[in-house]
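Since the structure comes first, as structure tokens, the remarks are kept for the end.
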Amino acid sequence: MKTLWKNTLIRSALALGLASTQAFAVAAPIFWTDWTGGDLDPASPGFQAQGTITTTTSSVTVTYTNRNGVGFYQSTVGTDYYTGGDASTSPFTSALVDNRPTGSDIIALQFAGSQTLRFSQAIANPVFAYVSLNGNGYAFDQDFDILSFGDASNGNACGYWGCGTSYKEIVDVGGVMEYRLLGTGEPHGTLRFTGTFDTVSWRSLSNEYWNGFTVGVQGTAAEVFDVPEPGSIALLGLALVGMAAARRRKV
């Protein structure tokens, strides 16, 4: 009986700790990738680029790889394609994304095929911002939620290249589920993967010049999904024991 009571206390303490961390994991600024340098893949037509995400306590290296190459890459100066609306009506902001991507950093795609983002450490709730996804679509290996897009039907201003809607389609491809981002018009917007990730992979469904993206995170997994240390769990357990004892005395 004692063992059962002890295990119940530990489970309750863990539940309290997880509930408290999840409560703080919903509304926070997004830390966007600062893409740097040029093409790191000497083999043609492959392309590889790196960038850095600087959070409140960490620096995360992001590596993007596309063996088919890209349309173009902006890591320093160039056109800012994340314009449209103010902070409340931007195609890239929502209840979960406080700030749009800054500057001109963008990877512009051109070819159908697979590509991957790798993070040097586990990150939490990555946000994917996309630009001008007309005539194409992205098939991700993970489920996602569309957070916003630039169209009056979503309460937002149009994006740089115009208005467009976005929607998700789940497709079984030979027993493997694909989560496809599709749209109408000129979709500009954001989607979010919920949870902890060290890679995100997808494929462009068709050739189209051009459609672009960047990626940001809510924080590292350690920052966002921090579970209480064993000592903290023990303290919570003792508190629950004390409360139970006090209740028994009162009864």
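The values are calculated or read from the model by the stated rules, or taken from the named source; none is laboratory data. This structure is a prediction, so every number in the text was calculated from the model and none was measured. All Cβ positions, even for glycine, are placed from backbone atoms using ideal geometry, and neighbour counts span all protein chains on display. Accessible surface is based on the protein model in full, side chains and every heavy atom, while ligands, DNA and RNA are left aside. Shrake-Rupley method; radii C 1.70, N 1.55, O 1.52, S 1.80 Å.
Here is a check on your reading of the model: is L147 among the aliphatic types (A, V, I, L, M), open to solvent by less than 30 Å² (accessible area, probe 1.4 Å) and either part of a strand (DSSP E or B) or farther than 19 Å from L96 by Cβ (or both)?
no
Which pairs turn up if I take residues in the range 144-156 that are more than 16 Å from E169 (Cα to Cα) and look for partners that are open to solvent by 30 Å² or more (accessible area, probe 1.4 Å) and modelled with pLDDT under 95 with beta carbon separation below 8 Å, at least 6 apart in sequence or on another chain?
Sorted first by the residue in the range 144-156, then by its partner, the pairs are G150/G85; N156/G85.
Just checking, how many residues over the range 57-79 are touching a residue at least 60 places away in the same chain (Cβ under 8 Å) and either of a type outside the set (S, T, Y) or in contact with a strand residue (DSSP E or B) (Cβ under 7 Å, 6 or more places away or on another chain) (or both)?
Here the count works out to 5.
Among the residues in the range 159-169, are any on the phi < 0 side of the Ramachandran plot, open to solvent by 60 Å² or more (accessible area, probe 1.4 Å), touching a helix residue (DSSP H, G or I) at 6+ places or on another chain (Cβ under 6 Å) and in a strand (DSSP E or B)?
No, there is no match, as no residue in the range 159-169 is on the phi < 0 side of the Ramachandran plot, open to solvent by 60 Å² or more (accessible area, probe 1.4 Å), touching a helix residue (DSSP H, G or I) at 6+ places or on another chain (Cβ under 6 Å) and in a strand (DSSP E or B).
Here are T184, T220, T196, T190: which of them is in contact with a helix residue (DSSP H, G or I) (Cβ under 7 Å, 6 or more places away or on another chain) and of a type in the set (S, T, N, Q)?
The conditions single out T196.
Test of understanding: among T8, T33, which residue is modelled with pLDDT of 95 or more, open to solvent by less than 70 Å² (accessible area, probe 1.4 Å) and polar (S, T, N, Q)?
T33
Provide a single number: the residues in the range 99-120 that are open to solvent by 40 Å² or more (accessible area, probe 1.4 Å) and assigned to a strand (DSSP E or B).
Qualifying residue count, the range 99-120: 3.
I need every pair where a residue in the range 106-135 that is at pLDDT below 95 and of a type outside the set (D, E, K, R) has its Cβ under 7 Å from the Cβ of a residue that is open to solvent by 10 Å² or more (accessible area, probe 1.4 Å) and assigned to a strand (DSSP E or B), sequence separation at least 6 or different chains.
Matching pairs, first to second residue: N134/G185.
Every residue, every condition in (1) at pLDDT 95 or above; (2) open to solvent by 50 Å² or more (accessible area, probe 1.4 Å), yes or no:
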site	(1), (2)
G189	yes, no
V200	yes, no
W210	yes, no
L235	no, yes
A246	no, no
V251	no, yes
